[in-house]
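Encoded as structure tokens, the structure appears first; notes follow it.
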Amino acid sequence: MAGNRSGPSLKPSGKDTSKTLEIPSATNQSTQPPMPLQGVGGHLSERSAGDSMPTVSSPIQAHEFDLHFKYEIAKMHGGEKLKQCFQCGTCTSDCPVARFSDSYRPRQIIRMAQLGLKKRVLSSDTLWLCASCFTCTDRCPQDVEVASVIRILRNAAAEQGLLPSIFKELGSNILETGIAYRIPELRLKKREQIGLPPLPKGNAKAVVGLAKAVGFLKTLGRRGEP
Amino acid sequence: MTTSEKSSNPKFLLFLGCAIPYRVSSYEIATRKVLGKLGIELVEMPEYNCCGLPIDPINHEMMLVLAARNLCMAEQRGLNIVALCPGCAGTLRKVNKKLKEDKELRGKINGYFKDTEIEFKGSIEVKHLVQLLAEDVGIDKIKGAVKRRLAGLRVAEHEGCHVTRPAEGVGFDDPEDPQILRELIEATGAKYVEYTDRTACCGAPIVGVNDKITLQLAREKLVHVKEAGAQALITVCPFCHMTFDTNQPRIERMFNETFKIPILHYPQLLGLAMGFPSEELALKELRVDPTAVVSQMLEKREDN
């Protein structure tokens, strides 16, 4: 695998698409981790450091295959075409993030989903590197909604408590303010000073009600009231 | 202006989203100025909540109900939505389309609203600012509103993925070779500059997960923009803007390079061409100082 491409060369280079299942994760990058997972708090790092979880590049054991996984995904909105992927690699070669990551390869994520390597793919740090630009989805010759399959996998990981802390923060802000950020008082005052209309108060109560109904409190690791 | 004067003007609910009021009010300020002059009436939407996009990765259903709630409230007002953030616009457009087409999903989502006064009926449309400018104002009207052509100014654009992608859900312009923002830029008289990988993502959505990759992506685009000889880069997204403008000094330090490329919101560029004084367009709020480029463009137009 190529090293960090921070030099002047701007060519998309060094993509090794031959090793389908070799996906280095934070656990096996002993030499200079190419992508420090800033903001990925607790869960992911602790879990992937534990030896009970198979690392993404360790040899695959027969018992790891969950043969129903791909059918589960195909039932979800956006996952319908997963089985049509024939591993051409268009998604990876056109992925802007893959060009600067030594580990994020959408094609490999799709393959792991097809094979039913559920634990590996859901506990993989690289799952969280998709920028949701939808280039892969728009260019897939098999009409696989690659970015949506990744979203389905992320949702499933989050359900197990495997999610970067940034998402918990954004989610908590939404529950408390209605929007994803906490806007400082000073900024609100400045808005009025420069003649902008005041910002909405947000309807946190309505949002919390919906969050309970769809299980979002559980996603954030909360039981009752936020 | 009084209500009667404006009554025939197109009216839109303004969906501000989260990032613009949080950090990019310059985009909002310039948009309000420009749209006001172009005869678009913006109605405030104080009851809105997050579009849902930021938490889609962890709970898709929560995204759906958040987006649907906004759509329902716009339906109650009987008004179409304009969003300045492509993330909000794209999310609301996709969910609106999905709920209009998928009766089963619509029933499920409305089930969550059953104890409230809202219900998704599918009676409104959502547009991003670029789409509104192209379709509800029109290129000809924009050209007619230009008081000082920015001839001689060379600008590139970074449109932002969610204005056009995913093509199936968003259904606007051609994501592989978008032309509408280009036409809007050319309407100001500025010279549109092509550059390598102009449709590539800025990387903003993974800030907080891996900032380094974002900065590498943004740096590469700035290199291409500079190589193409553009004097400014035009954006229509608060996240892209933060990536290229707010983070530009950080990128310069990280890679030991100098770009000094001013990043203007499209309504700022248009506003200058329409004759607004630069102080009314919040140009001072930009991190990368645009003064030199702005004064040059205003001088140049006098020569033309």
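The helices (runs of 4 or more DSSP H) falling completely within segment A:50-146 that include 1 or more residues that are polar (S, T, N, Q) map to A:90-93, A:106-115, A:135-139.
In the set B:Arg219, B:Arg165, only one residue is basic (Lys, Arg) and under 18 Å from the mean Cα position of the chain (by Cα); that residue is B:Arg165.
Screening A:Ala204 against (1) under 23 Å from the mean Cα position of the chain (by Cα); (2) closer than 19 Å to B:Tyr48 by Cα; (3) facing chain B (nearest Cβ under 9 Å) leaves a single unmet condition, (1). Across segment B:231-266, the qualifying residues are those that are open to solvent by 10 Å² or more (accessible area, probe 1.4 Å) and polar (S, T, N, Q), and the one among them that is farthest from B:Lys127 (Cα to Cα) is B:Asn256. In this structure, is B:Lys212 among the basic types (Lys, Arg), under 30 Å from B:Ile55 (Cβ atoms) and buried (at least 24 other Cβ atoms within 10 Å of the Cβ)? No; evaluated as a whole, the condition is false for this residue. Comparison of B:Gly107, B:Gly87 shows that the only residue that is over 21 Å from B:Glu44 (Cβ atoms), modelled with pLDDT of 95 or more and open to solvent by less than 50 Å² (accessible area, probe 1.4 Å) is B:Gly107. Pairs are defined by a Cβ separation below 6 Å, a sequence spacing of at least 6 or placement on different chains, a first member in segment B:35-48 that is facing another protein chain (nearest Cβ under 7 Å), and a second member that is surrounded by fewer than 17 Cβ atoms within 10 Å (Cβ to Cβ); the pairs so defined are B:Glu44/A:Pro197. The lone criterion from (1) within 13 Å of another protein chain (Cβ to nearest Cβ); (2) of a type in the set (D, E, K, R); (3) over 29 Å from A:Arg222 (Cβ atoms) left unmet by B:Lys11 is number (1). Within segment B:160-187, restricting attention to residues that are part of a loop (DSSP other than H, G, I, E, B) and in contact with a strand residue (DSSP E or B) (Cβ under 8 Å, 6 or more places away or on another chain), the residue that is nearest to the other protein chains (Cβ to nearest Cβ) is B:Gly160.
The set of residues from segment B:54-67 being within 11 Å of B:Val95 (Cβ to Cβ) and either β-branched (Val, Ile, Thr) or touching a residue at least 60 places away in the same chain (Cβ under 8 Å) (or both) comprises just one member, B:Val65.
When the test is whether a residue is out of contact with any helix residue (DSSP H, G or I) (no Cβ under 6 Å at 6 or more places or on another chain) and more than 8 Å from every other protein chain (Cβ to nearest Cβ), B:Ala190 passes it. Checking each residue in segment A:106-133 for being open to solvent by 10 Å² or more (accessible area, probe 1.4 Å) and of a type in the set (D, E, K, R) picks out A:Arg107, A:Arg111, A:Lys118, A:Lys119. Of the residues A:Ala131, A:Ala158, A:Ala180, which is out of contact with any Pro (no Cβ under 6 Å at 6 or more places or on another chain) and either free of Cβ contacts under 8 Å to residues at least 12 places away in the same chain or not hydroxyl-bearing (Ser, Thr, Tyr) (or both)? Going through A:Ala131, A:Ala158, A:Ala180 in turn, just one is out of contact with any Pro (no Cβ under 6 Å at 6 or more places or on another chain) and either free of Cβ contacts under 8 Å to residues at least 12 places away in the same chain or not hydroxyl-bearing (Ser, Thr, Tyr) (or both): A:Ala158. For segment A:178-197, the criterion of being part of a helix (DSSP H, G or I), among the hydroxyl-bearing types (Ser, Thr, Tyr) and at the interface with chain B (Cβ under 9 Å from one of its Cβ atoms) is met by none of the residues.
The values are calculated or read from the model by the stated rules, or taken from the named source; none is laboratory data. On a predicted model such as this, the values are computed, not experimentally measured, just so you know. Glycine gets a Cβ as well: all are built from the backbone with ideal geometry, and neighbour counts include every protein chain shown. The protein model used for the area step is the full one, side chains on, heavy atoms only, and it has no ligands, DNA or RNA in it. Shrake-Rupley method; radii C 1.70, N 1.55, O 1.52, S 1.80 Å.
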